[in-house]
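Beneath this line is the structure, given in structure tokens, with notes to follow.
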Amino acid sequence: MTKGSINVSVENIFPLIKKFLYSDHEIFLRELISNATDATLKLKHLTNIGEAKVEYGNPQIEVKIDKDTKKLHVIDQGLGMTAEEVEKYINQVAFSGAEEFLDKYKDSAKDSGIIGHFGLGFYSAFMVAKKVEIITKSYKDEPAAHWICDGSPEFTIEPHDKTERGTEIILHIADDEKEFLEEGRIRELLTKYNKFMPVPIKFGTKEINDPEHEPKTITDKDGKETKEPYRKITVDDIVNNPNPAWTKQPADLKDEDYNNFYRELYPMQFEEPLFNIHLNVDYPFNLTGILYFPKMTNDLNIQKDRIQLYQNQVFVTDNVEGIVPEFLTMLRGVIDSPDIPLNVSRSYLQADGAVKKISSYITRKVADKLKSLFNNNREDFEAKWNDIKVVIEYGMLSEEKFFEKAEAFALYPTVDGKYYTYEELYNKIKANQTDKDDKLVILYAADKDAQHSYIEAAKAKGYEVLLLDSPIVSHLIQKLETTKEKVSFARVDGDHIDNLIKKEDTTISKLDDDQKKSLDELLKEVIPSEKFMVQLEAMDSEASPFIITQPEFMRRMKEMQATGGGGMFGMGNMPEMYNLVVNTNHELVSEILNTKTRKKQERLINQSLDLARLSQGLLKGEELTNFIKRSYDMIK
């Protein structure tokens, strides 16, 4: 038997591990199974190249719980270790920077991933165990070794009678870590971290119907036929899928395979994904994965953190910001890259060049896929637009290269259900919707029903009206206005239609200057100035007498602040202000002006104002009740 001290430069390595990694102590199982997987796959490689003269067979990793002895076992059938290799790989820990670590990481070690940083994967076992044993037999023809350590720098190593190759790690679970002796807890961790490990993982056994047994049909004494029950057999309970879809070539997968894998990832998600993007690159970095576009809602907050990040099929995190462009964190699926460490810290992601290249690659790949889908089946792409537009519009706002590529497939739907690319829209409306200053005005609505009268007024002029109703539309049109020359967006209820697209031929008012002055004074006396800015306009006599609009700039800034941004303008806390556009050419306006009694004037003004407010959904509560009562009185 050999005794010794683990070769580290500080004695308190184990307290350090427990103290600084305690918040993530459950990852010990991930680390041990990762080591077991490495040992198994290395043996496979050595047998393939002829260096290991053994039969590889069908190895698996087994996890066992022994509650009576308070032990947790992790057993593999990999290449194993000799006593000399145990000494080299287990005892001589590369921890030369421990003193610097104490100063550098004392405040942030919980987030810094020191296991990955210092190569201490095996020692994570001491976060939950008061003693750890290693029983290992190398694939080489050498005796097995038995290593024991009780959490102090001292260890013992002696021969063992193990005859089968591989390694067994035995954790004597600490009294305050008893949760890791519960089957449900271990199964939860295996499902979370090791669901797609490339080596089968056995955790107990289960009963299934014997596939080789076909139940016989039995006829009872009354002649009634029944089938005998299936014969049950006990099989290993393999808790992982060693060959998930993303590890296969796209040519080998059908739509059904992609959908089945989606259900495997998200068993509680009942809707099928709209389409998927298979990622596969080996230069200048390694990355595979499958991303799915689900149906989107307008609530950006509930969409994120559904992509799972893996390293060589080992789960790392579902917080992929920094690796995946932010706008794509609303997608779902898997990304797997060996170039990303198991312990990912935010500072690492922000600084690492490979990660930035991965992010750029994913952006480009998604853009190319969207363009392909648009070109190959535009009708289907248009049908899915409302379910994917939030992601695409968010990408256009946040990623300049994606914005450039999106020119080819980003759609601008109209209120009539037509879809245009920007270039198509430009060519369609430039002749009719260019104002007197040679600026193209793109009209849009956010709600077809609420803005119906304004939409109809625009359509009567032959104008196209877009339907832009996503929560970030104000940000998007602001971006488009800054990147396109002589283009502006205007919501149809932002002003009277003739003011939104001003032409040279202005309509002449039927009222003279004195009449307009009298009307203006009368309106301002009756209409509350804190809510409405009154403006007199000479419009077509068939246009509405009173029209309520909201200034484009103010409304847009308030909307932008509500979804992030725009706050610098101080619009967020300002009360809602509206313009009241009064058509001086309408006969009702002339009647208001010419009515001799002040009471009747006020009643006509209030009724007209309330009708305008009703068309905008602004008439509620007591004011709506008063309007209804007044309307009945007027038609008696």
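Compute the Cα gyration tensor for region 411-506, then decide on rounded, prolate or oblate, letting a ≥ b ≥ c be the square roots of its eigenvalues: rounded whenever a/c is under 1.5, prolate when a/b is larger than b/c in the other cases, and oblate in all that remain.
rounded
When only DSSP loop residues count, what GluC sites (Glu not before Pro) in region 446-492 have their Cβ near at most 14 other Cβ atoms within 10 Å?
For GluC sites (Glu not before Pro) across region 446-492 that sit outside H, G, I, E and B with at most 14 neighbouring Cβ atoms in 10 Å, the list reads Glu485.
Treat the count of other C-beta atoms within 10 Å as a stand-in for reagent exposure and order Asp210, Asp435 from fewest to most.
With the fewest neighbours first, Asp210, Asp435 line up as Asp210, Asp435.
How do Phe275, Phe546, Phe261 rank when sorted from fewest to most other Cβ atoms within 10 Å of their own Cβ?
Listing Phe275, Phe546, Phe261 from fewest to most nearby Cβ atoms yields Phe275, Phe261, Phe546.
Among Asn319, Ser541, Tyr361, which residue has its Cα furthest toward the positive end of the charge dipole of the chain, with +1 on Lys/Arg Cβ and -1 on Asp/Glu Cβ?
Farthest towards the positive end: Ser541.
Only counting other Cβ atoms within 10 Å, I'd like Thr219, Thr414 sorted with the fewest neighbours first.
Thr219, Thr414
What lysines could a cross-link reach from Lys558, if we take a straight Cα to Cα line under 19 Å and drop same-chain neighbours fewer than 8 places away?
Lys479, Lys531
Given a cut-off of under 8 Å on Cα pairs at least six residues apart, what relative contact order in percent is computed for the chain?
8 percent
Given axes a ≥ b ≥ c from the Cα gyration tensor, I'd like to know whether the chain is rounded (a/c under 1.5), prolate (a/b larger than b/c) or oblate.
Prolate.
DSSP loop GluC sites (Glu not before Pro) in region 29-92 with at most 10 other Cβ atoms within 10 Å of their Cβ, which ones?
Those satisfying the criteria are Glu51, Glu55.
List the lysines whose Cα sits under 16 Å from the Cα of Lys502, skipping any in the same chain fewer than 8 residues away.
The reachable lysines, counting only those whose Cα sits under 16 Å from Lys502, are Lys430, Lys436, Lys439, Lys459, Lys461, Lys486.
Using the Karplus equation 6.51 cos²θ - 1.76 cosθ + 1.60 (θ = phi - 60°), what ³J(HN,Hα) coupling, rounded to whole Hz, does each residue of region 425-436 give in order, writing x for Gly and Pro?
Per residue, the Karplus-derived 3J(HN,Hα) values read 5, 4, 5, 6, 10, 4, 5, 9, 10, 9, 7, 5 Hz.
How long is the gain from Lys64 to Asp255 if the chain were fully straight, where each residue apart is worth 0.36 nm and the alpha carbon distance is subtracted?
65.0 nm
Rounded to the nearest 0.05, what FRET efficiency do Asp633 and Ile508 give with R0 = 45 Å and r taken as the Cβ-Cβ distance? Could you check?
Given R0 = 45 Å and the Cβ-Cβ separation, E is 0.80.
Values in this text are rule-based calculations from the coordinates and carry no lab data. As the structure is a computational prediction, the values presented were derived from the model and not from experiment. Reconstructed Cβ throughout: ideal geometry from the backbone, glycine too, with neighbour counts over all protein chains shown.
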